[in-house]
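The values are calculated or read from the model by the stated rules, or taken from the named source; none is laboratory data. Quantities reported herein were computed from a predicted structural model and do not represent experimental measurements. Because the Cβ atoms are built from the backbone with ideal geometry, glycine has one as well, and the counts that use them run over all protein chains shown.
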Amino acid sequence: MTNKSGYILEKARVIDPKKEINHVMDIGIDEGIFVEPEKVKRPVRIKLKGFIVAPGFIDMHVHLRQPGGTDKETIKTGTMAAAAGGFTTIVAMPNTSPAADTPGAIEYLKTHAEASCCVNVLPAGCITKNSEGVEISSIGGLKKAGIVALTDDGKCVQNNELMKHVLVYSKTFKLPVLDHCQDAFLSEGGLVHDGFWAAIKGLRGLPSASETIMVARDIILADAANWKVHIQHVSTAGSVELIRNAREKGIQVSAEVTPHHIALTDECIKDFDTNFKTNPPLRSEDDRKKLIEGLQDDTISVIATDHAPHTITDKMVEFAYAPFGVIGLETAVPVCITELYHTGHLDLKDLISKFTSGPAEVLGIDAGTIETGKKADVTILNPGLSYTIDKEKFYSKSRNTPFNGKKMKGRAVATIVSGKFVFSLIDGINGII
């Protein structure tokens with residue numbers, strides 16, 4: 001079947017957490033937007049009984065590596081991986097080479113995305129010039145160029161006074177600040193979680209306090225500035241508790257967790273497999289449980305991949321010399337359905353909210369819901385589909401996944417962007433990729 005623009009998605013269970021929709025219904029799509037089913041001209045009817053139709057998933061933490069790291073990933077391959085993983089919108093991190101700290105760098109991303117992408121790509125800009133933590137970037141110019149957030153992801157602004165000014169200034173432009181919370185002195189030289197397995201394996205530990213200290217700092221500054229701080233890839237029980245208390249007090253702090261921190265622990269590094277080396281590191285089982293509790297009570301409102309591609313050569317070295325990072329665009333949804341839904345930790349509505357209304361609210365973007373007259377971005381799920389993750393079938397250029405060979409139950413089976421199927425495993429429906 002050709003990829004036409006007029007569809008009626010029939011008899012699916014539609015789950016839209018923002019609209020509080022959770023029932024079987026038909027969805028109409030025509031000329032790239034959501035319409036009432038009866039208004040679709042010459043529709044292609046797609047029977048989806050047993051499937052879940054959700055607003056297009058958003059990943060607000062993706063490293064596309066272009067420019068400067070195209071041996072690891074490109075804008076094209078990264079967005080193909082996103083589509084195959086069920087994501088319709090991604091936020092590109094600015095720690096490229098050169099860094100995305102100027103309007104010109106943002107225009108570069110937008111131009112290449114428009115030419116080669118199959119999903120929506122939203123740029124983030126650097127907090128500081130070249131992410132060096134010394135001088136604030138031209139935030140006004142970056143905002144005009146089209147950024148949706150500020151971050152020095154991969155680094156944390158250590159200067160408290162500078163961070164205070166960043167928050168005050170970013171508030172003027174309505175830009176959330178996304179922070180990789182890590183004290184540079186406490187974390188220096190750390191390779192894995194500072195716990196049992198670090199001691200047993202003789203690897204230098206990266207203490208939980210290196211994260212929680214900066215989370216506390218950001219909460220205090222967010223309160224003072226009365227503006228949004230979003231804590232990236234939360235990994236510790238202490239961070240969850242700090243964020244929970246802050247949100248209860250009405251402080252504008254939000255947080256995300258990655259699928260690998262939900263599903264894995266520091267025990268995974270016992271064989272020195274560098275595909276489990278990430279920053280922040282995989283933590284203890286107690287930390288993992290507290291992260292899930294944070295998802296359950298909405299202390300953590302976002303799941304994001306921190307998709308960090310590296311070449312096989314990069315990772316095929318001694319553990320101490322391997323770069324931090326794992327890829328996640330093509331494994332996030334199955335891992336989360338398996339580890340959170342099928343275990344009973346979250347129902348589908350709450351799980352879907354972490355990929356839709358949660359990130360949309362943090363970013364302040366018009367997405368993450370199904371609404372008549374709005375752009376038709378859709379993720380279709382089959383929560384009962386069993387399959388085994390095979391890294392050799394990835395669209396990403398890189399293969400550094402900790403989940404290769406793992407059996408999963410549930411995955412995204414189709415991705416629709418602006419009314420077009422960009423990815424599909426549904427019989428009779430072809431995707432663009």
Could you give every pair whose Cβ atoms fall below 7 Å, whose first residue belongs to the stretch 396-420 and is closer than 25 Å to ASP266 by Cα and outside the structural domain of ALA263 (by TED's automatic domain parsing), and whose second residue is at pLDDT below 95 and surrounded by fewer than 24 Cβ atoms within 10 Å (Cβ to Cβ), counting only separations of at least 6 or pairs across chains?
MET408/TYR387
Any idea which of GLU36, GLU73 is in contact (Cβ under 8 Å) with a residue 60 or more places away in the chain and more than 30 Å from ASN400 (Cα to Cα)?
GLU36
What are the pairs with Cβ atoms under 6 angstrom where one residue, in the stretch 99-113, is β-branched (Val, Ile, Thr) and the other, located anywhere, is at pLDDT 95 or above and assigned to a helix (DSSP H, G or I)? Sequence gap at least six, or different chains.
ILE106/ALA145
Of the residues SER353, SER357, which single one is buried (at least 23 other Cβ atoms within 10 Å of the Cβ), within 19 Å of the chain's Cα centre (by Cα) and under 19 Å from VAL62 (Cα atoms)?
SER353
Looking at this structure, is ASP314 out of contact with any helix residue (DSSP H, G or I) (no Cβ under 8 Å at 6 or more places or on another chain), in a helix (DSSP H, G or I) and of a type outside the set (Val, Ile, Thr)?
yes
Tell me, yes or no, whether the stretch 380-401 has at least one residue that is among the aliphatic types (A, V, I, L, M) and under 17 Å from ILE15 (Cα atoms).
yes
Exactly one of these conditions fails for SER424: (1) touching a residue at least 24 places away in the same chain (Cβ under 8 Å); (2) in contact with a strand residue (DSSP E or B) (Cβ under 7 Å, 6 or more places away or on another chain). Give me its number.
(1)
Search result, residues across the stretch 57-81 that are under 16 Å from ASN95 (Cβ atoms), assigned to a helix (DSSP H, G or I) and of a type in the set (Gly, Ala, Ser)
GLY78
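What's the total number of residues in the stretch 290-325 that are under 28 Å from GLN252 (Cβ atoms) and surrounded by 14 or more Cβ atoms within 10 Å (Cβ to Cβ)?
Going residue by residue through the stretch 290-325, those that are under 28 Å from GLN252 (Cβ atoms) are 290-308.
Subsequent filtering for residues that are surrounded by 14 or more Cβ atoms within 10 Å (Cβ to Cβ) retains 290-295, 298-308.
The qualifying residues number 17.
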Counted residues, the stretch 192-202 - those being touching a helix residue (DSSP H, G or I) at 6+ places or on another chain (Cβ under 8 Å) and either surrounded by fewer than 22 Cβ atoms within 10 Å (Cβ to Cβ) or not hydrophobic (A, V, I, L, M, F, W, C) (or both):
7
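Among the candidates ALA198, ALA224, single out the residue that is closer than 20 Å to ALA255 by Cβ, of a type outside the set (Val, Ile, Thr), out of contact with any Pro (no Cβ under 8 Å at 6 or more places or on another chain) and in a helix (DSSP H, G or I). Talk me through it step by step, then tell me what you get.
On the way: ALA198 fails: closer than 20 Å to ALA255 by Cβ.
After applying the criteria, what remains is ALA224.
Would it be correct to say that THR74 is crowded, with 19+ Cβ neighbours inside 10 Å, polar (S, T, N, Q) and closer than 14 Å to THR379 by Cα?
Details: crowded, with 19+ Cβ neighbours inside 10 Å: yes; polar (S, T, N, Q): yes; closer than 14 Å to THR379 by Cα: no.
No; evaluated as a whole, the condition is false for this residue.
Identify, please: which residue in the stretch 324-356 is free of Cβ contacts under 8 Å to residues at least 60 places away in the same chain and part of a helix (DSSP H, G or I) and is, among those, nearest to GLN232 (Cα to Cα)?
Just the residues of the stretch 324-356 that are free of Cβ contacts under 8 Å to residues at least 60 places away in the same chain, to begin with: 324, 343-347, 351, 354.
Now narrow it down to the ones that are part of a helix (DSSP H, G or I): 351, 354.
On the way: LEU351: 18, LYS354: 14 Å.
My answer is LYS354.
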